[in-house]
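Below is one structure, written out as structure tokens; the observations come after it.
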Amino acid sequence: MSLYQPKKSDRFTFGLWTVANRGRDPFGEAVREAVTPIRAVQELSKLGAYGVNLHDNDLVPIDAAPSERTRIITEFKKVLADHDMKVPMATTNLFYDPIFKDGAFTSNDAKIRAYAVQKAMRGIDVGVELNAEIYVFWGGREGTEVESSKNPVEALKWMRECLNFLIGYCKDNRYPLKFALEAKPNEPRGDLYLSTTGAMLAFIETLDDPAMVGVNPEVAHETMAGLNFVHAVAQAIDRGKLFHIDLNGQKMSRFDQDLRFGSEDIKTAFMLVKLLEDSGYQGSRHFDAHPYRTEDDAGVWDFAAGCMRTYLILKEKVHRFNQDEEIQAILRNLTADPEKIGSSLHAYSKANATRVGGLAIDRIATGKRGYGYEKLDQLTMEIIMGVR
């Protein structure tokens with residue numbers, strides 16, 4: 001088997017909405033036929049994917065009768081079993097239907113908030129039936145264009161109430177789910193609430209059961225705001241809150257492009273893969289991206305295969321980086337602490353304060369020290385470019 005051939009153990013997943021994207025955009029009509037959920041499972045399984053993820057209405061139409069819902073889910077569960085595919089994550093579409101044009105959990109209208117919670121409960125039921133372990137909440141309409149239209153403090157209170165309600169719903173039904181909140185700075189609203197991963201992490205601590213809730217950061221969302229996505233993921237890992245992750249490609253300060261993973265800023269993609277692999281992240285590597293509008297049906301599957309192949313290529317380069325003695329020597333030198341000064345900084349004590357306060361540090365000489373970052377970065381680039 002090729003080094004870059006995906007295996008189930010790689011835990012690569014795709015949203016049903018990704019390969020089903022028909023290439024429609026604000027300036028042009030669809031260019032491809034729809035890919036059904038059944039076919040998505042069949043084709044992605046052939047490519048070596050671990051599973052698929054879904055919004056409620058990616059699978060069951062929003063106005064489906066109970067009998068239709070049962071039929072669709074039964075057929076979908078069969079194709080999953082036949083192709084050894086999983087549904088690790090599910091979510092609710094709370095942004096597409098016109099009822100959500102001014103928000104779902106943050107709507108001024110209590111009836112709309114109630115409908116959003118009702119829809120989420122039904123979506124959670126579907127997710128549990130498909131054995132999902134993570135339930136993601138992306139507030140695509142939770143924001144404003146007219147700042148005076150909402151009190152942001154009240155809006156956050158309403159969002160908290162809705163999420164707490166759904167936490168209670170899961171506990172009451174003994175559902176083995178964890179929630180993951182997904183941040184985005186803007187689009188489709190002018191401004192979205194809780195626009196960064198850091199903001200989500202702070203908000204989680206205000207919920208009824210913070211241990212049940214983590215984050216689902218997405219490459220494009222942090223990058224489009226000009227932020228460092230690797231640092232956002234590191235913060236989530238540090239707090240034990242990286243429950244899920246969305247991988248794609250994105251040019252800085254553009255609209256949400258959802259490009260094939262690794263197709264933009266290959267160095268950041270490398271550092272992201274390194275962080276995930278070195279940290280021992282056990283969750284899905286989920287690709288929330290879509291094919292270029294230029295592609296036909298064959299191009300859809302080239303796109304899916306490309307996402308997984310790029311991740312595996314970068315994973316192998318991470319191994320090379322970690323085994324490169326020259327690189328590792330530079331890193332060891334950067335953190336060398338022969339006097340074990342760092343141990344005195346681990347925690348405050350009177351003894352540690354006395355030691356740190358009495359250290360004789362040569363500020364001038366230390367300030368003249370070179371760190372070798374130019375060489376380190378060049379060697380890193382040579383690993384990425386395959387010449388080392």
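Bear in mind that the values in this text are calculations on the coordinates, not laboratory data. No experiment lies behind these values; they were computed from the predicted model shown. Don't worry about glycine lacking a Cβ; one is built from the backbone with ideal geometry, like all the others, and counts go over all protein chains shown.
The Cα atoms of the range 37-153 define a convex hull whose projected area, averaged across directions, is 8.3 nm².
Using the Cα atoms as the points, what is the convex hull volume per residue of the range 203-347 in Å³?
On the way: hull volume 22.4 nm³, N = 145.
Residue-normalised Cα hull volume stands at 155 Å³.
Taking the alpha carbon gyration tensor of the range 190-247, multiplying each eigenvalue by 5 and rooting it gives semi-axes of 19, 14, 9 Å, largest first.
Mean projection of the Cα convex hull over all viewing directions, computed for the range 8-322: 15.6 nm².
What whole-number value in cubic angstrom gives the convex hull volume per residue for the C-alpha atoms of the range 1-91? Mind dumping the intermediate values first?
Numbers: hull volume 11.1 nm³, N = 91.
Hull volume normalised by residue count: 122 Å³.
In whole Å, how far is the Cα centre of the range 194-240 from that of the range 26-52? Using only Cα atoms to place each centre, the spacing works out to 28 Å.
Amide H to amide H distances under 5 Å link Phe137 with Ala180, Leu181, Glu182, where only residues 5 or more positions off or on other chains count and H is placed in the peptide plane.
What does the convex hull of the Cα atoms come to per residue for the range 325-384, in Å³?
Values: hull volume 6.3 nm³, N = 60.
Hull volume over Cα atoms, normalised by residue count, gives 105 Å³.
The C-alpha radius of gyration of the range 96-218, expressed as a fraction of 2.2 N^0.38 Å, stands at 1.00. Evaluated with a Cβ-only charge set (Lys, Arg +1; Asp, Glu -1), the range 325-384 carries a dipole of roughly 500 debye about its Cα centre, given to the nearest 20. Of the residues Phe12, Phe27, Phe321, the one that moves most in a GNM of the chain with alpha-carbon contacts below 10 Å is Phe27. When the Gaussian network model of the chain links Cα atoms closer than 10 Å, the mean-square fluctuations of Arg239, Arg39, Arg260 top out at Arg239.
Within a straight-line Cα-Cα reach of under 12 Å, Lys8 can be paired with the following aspartates and glutamates, leaving aside sequence neighbours fewer than 8 residues apart in one chain: Asp84. Cβ-Cβ distance of Ile237 and Asp109, R₀ of 41 Å, FRET efficiency by 1/(1 + (r/R0)^6): the value works out to about 0.60. If the elastic network links every pair of Cα atoms under 10 Å, which of Ser67, Ser349, Ser148 fluctuates the most in the Gaussian network model of the chain? Answer for the Gaussian network model of the chain: Ser349.
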